[in-house]
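Enquirer: Got a structure here, written out as structure tokens. Questions coming.
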Amino acid sequence: MKTLLLIGIGAGAPEHLTLQAVEALRRADVFLLLDKGPAKAQLLASRQALLAAHVPPGTYRLAEALHPQREPKADYRASVAELNAGKQALLEQLLREQVNEGETAALLVWGDPALYDSSLRIAQCIAEAGRVALDYQVIPGITSVQALAAAHRVALNEIAGSVVLTTGRRLALGLPADAESIVVLLDAHNSFLSLNTPGLHIFWGAYLGLPQQALIAGPLADVGPRIARERRALRERHGWIMDTYLLRRVRA
Ligand SMILES: C[S@@+](CC[C@H](N)C(=O)[O-])C[C@H]1O[C@@H](n2cnc3c(N)ncnc32)[C@H](O)[C@@H]1O
């Protein structure tokens, strides 16, 4: 039997790492690192820095592979399914070839593995396929959503209210009905600009926890266009961007 640890490493700041995650890092024999290419080099480097800071050198091995790219297709779910199949094949190969029987491998998962991340589903598929005898465990991490709320010093929910977590792609289809607080991830197209619901407030954050963290908050109608301009400028400057925002319907 081999063991795979899915370790949530937080959303950017090295200090997001929990004590449980540090203990898990030290348990691993092999780290599976998927390189997403030059644009995400900072993210790979931050994973390597975590290892250097918390795990004694010489006590672990690295197994690196190039992360498959998503082919853009009209059917988004189909293209994600294809990407995940490629990722599954790659991870299964690394587990077969680079992890010995009885050893523990670890994947360092950005934020928390339970939030918009395919690692858990992929680990389940590998274990169920049975070609590698695999046990997998999850170590929770601080999500970008928590980092956003903390940076803006805002509670995610109104008193006794609900919170919807969604994607930019879904927001572009319309604001979830009755939702008072909506957290949006994975928005590559400024979907907030398409909303014309009056009384919306936005709390936006990019590169949360990283040195280049940027925050803007205010009535959406006032600050929305500024956020769109800032996103474009930051993406050009850094070569990539990750941002998240909370939309709040202001109670009358
Ligand atoms: C594939 S999801 C992964 C979410 C991650 N598992 C988590 O727990 O935060 C990637 C999205 O998370 C958000 N995100 C992740 N890290 C972020 C950060 N440091 N700053 C702002 N947004 C971030 C962005 O919306 C990005 O498009």
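Enquirer: Take the Cα radius of gyration of the chain and divide it by 2.2 N^0.38 Å, with N its residue count; two decimals is plenty.
Expert: Numbers: Rg = 19.4 Å, N = 252, 2.2 N^0.38 = 18.0 Å.
Ratio of Rg to 2.2 N^0.38 Å for the chain: 1.08.
Enquirer: Which loop-located trypsin sites (Lys or Arg not before Pro) does segment 198-252 contain, where loop means any DSSP state but H, G, I, E or B and the Cβ has at most 16 other Cβ atoms within 10 Å? Walk me through the numbers before you get to the answer.
Expert: Numbers: sites: R226, R229, R231, R232, R235, R237, R248, R249, R251; in loops: R251.
When the trypsin sites (Lys or Arg not before Pro) of segment 198-252 are filtered for loop state and at most 16 Cβ neighbours within 10 Å, R251 remain.
Enquirer: Say R0 is 41 Å: what FRET efficiency, to the nearest 0.05, do R61 and E15 get from their beta-carbon distance?
Expert: Numbers: r = 26 Å, r/R0 = 0.64.
Using R0 = 41 Å, I get an efficiency of 0.95.
Enquirer: Summing -39500 (n - 2.57) over the DSSP H runs of n ≥ 4 in the chain and dividing by its residue number, what mean residue ellipticity at 222 nm do you reach, to the nearest 500 deg cm²/dmol? Intermediate values should be presented prior to the final figure.
Expert: Working: 7 runs with 89 residues, N = 252.
Only helices count here, giving -11000 deg cm²/dmol.
Enquirer: Tell me the label-point distance for the pair A233, R121, using the 7 Å Cα-to-Cβ offset, in nm and rounded to one decimal.
Expert: Once both label points are built, they end up 3.7 nm from each other.
Enquirer: Something else now. Output the peptides 41-49, 198-206, 6-14 sorted from most to least packed, where packing is the average of other Cβ atoms within 10 Å over each peptide's residues.
Expert: On the way: 41-49: 14.9, 198-206: 19.6, 6-14: 23.1.
Listed from highest to lowest mean packing, they are 6-14, 198-206, 41-49.
Enquirer: If you restrict to DSSP beta bridges whose two residues both lie in the chain, what percentage is antiparallel, to the nearest 5?
Expert: On the way: 18 of 44 bridges.
Antiparallel bridges make up about 40 percent of those DSSP assigns within the chain.
Enquirer: Let me ask another. Going by a ≥ b ≥ c, the root eigenvalues of the Cα gyration tensor, does segment 149-190 fall in the rounded group (a/c under 1.5), the prolate group (a/b larger than b/c) or the oblate group? Mind dumping the intermediate values first?
Expert: On the way: a/c = 3.32, a/b = 1.36, b/c = 2.44.
Verdict is oblate for segment 149-190.
Enquirer: Of all DSSP beta bridges located in segment 144-249, what percent are antiparallel, nearest 5? If you can, show how the numbers build up before the last one.
Expert: Values: 17 of 22 bridges.
In segment 144-249, DSSP labels about 75 percent of beta bridges as antiparallel.
Enquirer: Let me ask something additional. What is segment 34-140 by shape, rounded, prolate or oblate, if you read a ≥ b ≥ c off the alpha carbon gyration tensor as root eigenvalues and call it rounded for a/c under 1.5, prolate for a/b larger than b/c, and oblate otherwise? List each step's numbers first, then the result.
Expert: Details: a/c = 1.77, a/b = 1.21, b/c = 1.47.
In terms of gyration-tensor shape, oblate.
Enquirer: Separate question: Residue by residue through segment 25-31, which ³J(HN,Hα) values in whole Hz follow from phi under the Karplus form 6.51 cos²θ - 1.76 cosθ + 1.60 (θ = phi - 60°), with glycine and proline marked x?
Expert: My calculation for segment 25-31 gives 4, 6, 7, 7, 8, 9, 9 Hz in order.
Enquirer: Tell me which trypsin sites (Lys or Arg not before Pro) from segment 127-198 have a DSSP coil assignment and no more than 13 other beta carbons within 10 Å of their own.
Expert: On the way: sites: R131, R153, R169, R170; in loops: R131, R153.
Here the sparse-neighbourhood loop sites are R131, R153.
Enquirer: Here is a follow-up. In whole Hz, what ³J(HN,Hα) sequence does segment 113-130 give by Karplus (6.51, -1.76, 1.60; θ = phi - 60°), x for Gly and Pro?
Expert: Listing the rounded values in order: x, 8, 10, 6, 9, 8, 4, 5, 4, 5, 4, 4, 4, 5, 5, 6, 5, x Hz.
Enquirer: Sticking with this one: For segment 199-205, in order, what is each residue's ³J(HN,Hα) by Karplus, 6.51 cos²θ - 1.76 cosθ + 1.60 with θ = phi - 60°, in whole Hz (x at glycine and Pro)?
Expert: x, 8, 10, 10, 10, 10, x
Enquirer: Separate question: Would you mind getting the accessible area per residue of segment 91-229, heavy atoms of the protein chains only, 1.4 Å probe, in Å²?
Expert: Working: 6690 Å² over 139 residues.
Per residue, segment 91-229 has an accessible area of 48 Å².
Enquirer: Measuring from a point 7 Å past the Cα of R170 along Cα-to-C-beta, which residues in segment 188-219 have an amide N at less than 20 Å?
Expert: Taking a point 7 Å out along Cα→Cβ of R170, the residues of segment 188-219 whose backbone N falls under 20 Å are 188-197, 201-205.
Enquirer: Right, here's the next one. Using R₀ = 35 Å, calculate the FRET efficiency as 1/(1 + (r/R₀)^6) where r is the Cβ-Cβ separation of K73 and E180; round to 0.05. Each step should come with its number before you reach the end.
Expert: Numbers: r = 34 Å, r/R0 = 0.98.
Efficiency, from the Cβ-Cβ distance: 0.55.
Enquirer: Now, a different point. Cα convex hull of segment 59-98: mean projected area in nm², to one decimal?
Expert: On the way: hull surface 12.6 nm².
If I average the Cα hull's projected area over directions, I get 3.1 nm².
Enquirer: Return the distance in nm (one decimal) between the two label points of a simple spin-label model at R226 and H54, each offset 7 Å from Cα along Cα→Cβ.
Expert: So the two model labels end up 3.6 nm from each other.
Enquirer: Hey, another quick one. Given a Förster distance of 30 angstrom, what is the FRET efficiency for Q212 paired with H189, based on the Cβ-Cβ distance and rounded to 0.05? Show your work: numbers first, answer last.
Expert: On the way: r = 21 Å, r/R0 = 0.71.
That gives a FRET efficiency of 0.90.
The values are calculated or read from the model by the stated rules, or taken from the named source; none is laboratory data. Computed from a prediction, not measured in an experiment: that's the story for all the values here. When we count neighbours, we look across all protein chains shown, and the Cβ atoms used for this are built from the backbone with ideal geometry, even at glycine. Only protein heavy atoms, including side chains, enter the accessible area calculation; ligands, DNA and RNA are left aside. Shrake-Rupley method; radii C 1.70, N 1.55, O 1.52, S 1.80 Å.
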